[in-house]
Amino acid sequence: KKQYVTLPQNSKSDSLLGWYIAEVGGVKRAVYLPLDDAVNSSIKKETVIRLVPTAELTEVFTTVSELDGNLKSTNILLKSRKEPGNYYPPKTPFDITLPHDLPSGQIYLVVVSATMNPEGSTIVRLLVQK
């Protein structure tokens, strides 16, 4: 199976993002997972998702849920948490931190919904392995 990795954008970042294509619920999908370096593996790290909006956003909400084998949400672990800030300019990255107490080794559905300025909304759905 193929695996993919993105390298840090600058030397201050020690994070890597990996993903692989897996059959989940009978459909091939990208599953994202953070890759910790071996030196810091004993430190409990947060899982951070970096998003880059293509339009101006005014509010961002995050929902995290567990999935069953058919990609149906079985248990909502974080419901519509409002992310800090009320302005997210286009092409400017911002981070969403997932709850640190999510059990490792599972695949979660992360839904990020946002209000766009001047009007409208958008939703991003990601499968993330912790």
Residues whose built amide H sits under 5 Å from the amide H of Glu56, excluding neighbours closer than 5 in sequence, are Asn117
Taking placed amide H atoms and a strict 5 Å upper bound, the residues 5 or more places from Thr47 or on another chain that come that close are Leu98
Phi-derived 3J(HN,Hα) across the stretch 71-87 with the Karplus relation (6.51, -1.76, 1.60, θ = phi - 60°), rounded Hz, x for Gly and Pro, is 6, 9, 5, 9, 7, 7, 9, 9, 10, 6, 6, 6, 7, x, x, 10, 8
Out of Thr97, Pro84, Ser113 - ranked by how far each Cα lies towards the positive end of the dipole of the stretch 72-118, with unit charges on the beta-carbon of charged residues - the top one is Ser113
With the label point 7 Å along the Cα-to-beta-carbon line of Ile76 and a cut-off under 12 Å to each amide N, the hits in the stretch 94-114 are 111
The size of the Cβ-based charge dipole (Lys, Arg +1; Asp, Glu -1) of the stretch 68-124 about the Cα centre, to the nearest 20 debye, is 60 debye
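Cross-link list Lys79/Lys130; Lys28/Lys72; Lys28/Lys79; Lys28/Lys130: which exceed 22 angstrom alpha carbon to alpha carbon?
Numbers: Lys79/Lys130 18 Å; Lys28/Lys72 15 Å; Lys28/Lys79 26 Å; Lys28/Lys130 19 Å.
Cα-Cα > 22 Å for Lys28/Lys79; rest within.
Just so you know, all these numbers are worked out from the coordinates, no wet-lab data involved. Just so you know, these numbers come straight off a predicted model, no measurement behind them. Here the Cβ is made from the backbone with ideal geometry for all residues, glycine too, and neighbour counts use every protein chain on show.
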